[in-house]
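Asks: Attaching a single structure in structure tokens format; questions to follow.
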Amino acid sequence: MIKKDGFSNNADTTLAQAILIDATVIEVADSAAFADFSSGRLLQRATITNDAIPGEYEIVSILTADGVNFTVERGKEGTSARDWPAGSKFQARITAGQLKNFLQTDESGTYRADRDGQRSFVVNGRVANNYNVVQISGVHLLQSLHASAVSGDQGEFQQDMNMSQESVGGTAYLELGNDIPAYAEGGFLSDRSIVKAPTATGFNYLLDLGDYHSSSEYIHTPLASFDASGSPFPAIGPDAGAEVGQWVPIPDPLNIILNMPSQTSSLVLSEVGFICTYYEATTAPVVSILLRGEDTEHSLVDHVALDTVTKANQVHRIPVASYGGIVSGIRFRVDTPATGKFYGRFYWRGFFFDAGA
């Protein structure tokens with residue numbers, strides 16, 4: 001069971017008895033100010049210090065309380081368990097691990113709660129320039145049915161009320177055409193521009209300026225940075241090597257896999273397609289889309305032209321009526337590029353469910 005942090009005001013006491021390095025039960029002088037652990041769902045973080053041992057401290061997690069006896073986990077948050085003499089301070093202080101449970105922005109401007117490295121809740125607070133919009137993102141999950149008891153012999157259950165709209169997701173912005181400019185150091189580029197490498201590396205590169213810069217930048221990224229590693233690297237702006245964003249490698253020829261969230265991975269897919277936001281093409285791209293199951297990939301569409309798009313801001317939709325499996329990832333592949341520019345994003349629509357252990 002994942003326990004929540006418990007809080008209380010002015011929880012400050014001392015060790016009633018000395019403790020050894022392997023002790024898991026700690027007797028304190030007074031436990032009244034600490035949290036109520038009777039529900040079994042709380043822990044409280046406490047810090048042990050001693051004025052006679054300057055610079056040393058140990059963080060513990062209080063799991064249960066029996067009067068003045070606390071059952072604890074020792075040496076938390078990178079600290080080490082050690083022997084402590086009677087009279088050492090035992091205080092419910094704020095810790096770094098505790099604060100990580102609260103929402104905070106990461107380097108991309110996304111708000112995340114990071115509990116012991118498990119980013120289980122995300123609020124996508126990225127606000128594009130000139131748009132006063134905040135998106136709350138999450139996974140709509142059809143959970144295991146925790147229903148009421150069967151009524152008589154009728155087999156009647158109360159419906160799980162976890163009902164919501166389908167989830168939707170998509171790739172980064174991609175260029176499906178063959179008119180991709182080569183990168184030149186010192187060029188003026190806008191956010192989400194796509195360029196070819198100065199020399200062939202097996203990738204094209206998407207410019208992500210993030211949320212903290214204007215919609216376009218003068219880019220001075222050194223040519224040597226465009227290598228064949230396939231890893232993102234900094235986009236360098238005009239001010240003495242300052243980072244203004246990042247370059248994201250996109251395989252060339254375009255062949256990318258979009259994996260579903262690892263916490264769910266069980267997706268019932270209802271639609272995929274391509275949203276074209278910039279169009280200047282004389283022929284449509286030909287694409288294949290493959291759906292990843294447990295062991296294999298299933299071809300949803302094979303060598304299909306996205307020819308329902310004839311101008312910008314149109315969508316080519318592909319229903320998924322023919323596939324009855326569970327999807328854990330989607331592969332998008334361009335078999336023949338469009339002639340000209342065909343820029344936008346692949347998307348998917350469907351719902352997740354709890355497939356059990």
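Asks: Report whether or not residue 309 is at pLDDT 95 or above, outside any loop (DSSP other than H, G, I, E, B) and in contact with a strand residue (DSSP E or B) (Cβ under 7 Å, 6 or more places away or on another chain).
Replies: No: the conditions fail for residue 309.
Asks: Looking at region 192-199, is at least one residue of a type in the set (Val, Ile, Thr), in a strand (DSSP E or B) and over 25 Å from residue 344 (Cβ atoms)?
Replies: no
Asks: Please enumerate the residues belonging to region 312-333 that are assigned to a strand (DSSP E or B) and either over 23 Å from residue 252 (Cβ atoms) or among the small types (Gly, Ala, Ser) (or both).
Replies: Scanning region 312-333 gives 314, 315, 317, 318, 319, 327, 329.
Asks: Here's another thing I want to ask about it. Would you check which residues across region 287-316 are among the polar types (S, T, N, Q) and in contact (Cβ under 8 Å) with a residue 24 or more places away in the chain and list them?
Replies: Within region 287-316, 288, 310, 313, 314 qualify.
Asks: Kindly indicate which of 82, 74 is crowded, with 17+ Cβ neighbours inside 10 Å and either farther than 30 Å from residue 210 by Cα or assigned by TED's automatic domain parsing to the domain that holds residue 246 (or both).
Replies: After ruling out the rest, the residue left standing is 74.
Asks: Could you go through region 91-112 and let me know if any residue there is in contact with an Asp or Glu (Cβ under 8 Å, 6 or more places away or on another chain), at pLDDT 80 or above and part of a strand (DSSP E or B).
Replies: Within region 91-112, one or more residues are in contact with an Asp or Glu (Cβ under 8 Å, 6 or more places away or on another chain), at pLDDT 80 or above and part of a strand (DSSP E or B).
Asks: Are there any pairs, at least 6 apart or on different chains, whose C-beta atoms fall under 7 Å, with the first in region 328-357 and free of Cβ contacts under 8 Å to residues at least 60 places away in the same chain and the second assigned to a strand (DSSP E or B), and if so, which?
Replies: 335/286; 335/287; 335/288; 335/303; 336/286
Asks: Do you know which residues across region 5-28 are free of Cβ contacts under 8 Å to residues at least 60 places away in the same chain and either within 15 Å of residue 76 (Cα to Cα) or exposed (fewer than 14 other Cβ atoms within 10 Å of the Cβ) (or both)?
Replies: Within region 5-28, 9, 10, 22, 23, 24, 25 qualify.
Asks: When you look at residue 171, is it at pLDDT 70 or above and surrounded by fewer than 14 Cβ atoms within 10 Å (Cβ to Cβ), yes or no?
Replies: no
Asks: Sticking with this structure for a sec: State whether the residues of region 279-302 include one that is aromatic (Phe, Trp, Tyr) and more than 27 Å from the chain's Cα centre (by Cα).
Replies: yes
Asks: Also, quick follow-up: Hey, among 226, 203, 233, which residue is modelled with pLDDT of 90 or more, surrounded by fewer than 19 Cβ atoms within 10 Å (Cβ to Cβ) and hydrophobic (A, V, I, L, M, F, W, C)?
Replies: Sole residue among the options that is modelled with pLDDT of 90 or more, surrounded by fewer than 19 Cβ atoms within 10 Å (Cβ to Cβ) and hydrophobic (A, V, I, L, M, F, W, C): 233.
The values are calculated or read from the model by the stated rules, or taken from the named source; none is laboratory data. In this text the structure is predicted, and so the values were computed from the model without any measurement. Cβ atoms come from the backbone with ideal geometry, glycine included; neighbour counts cover every protein chain shown.
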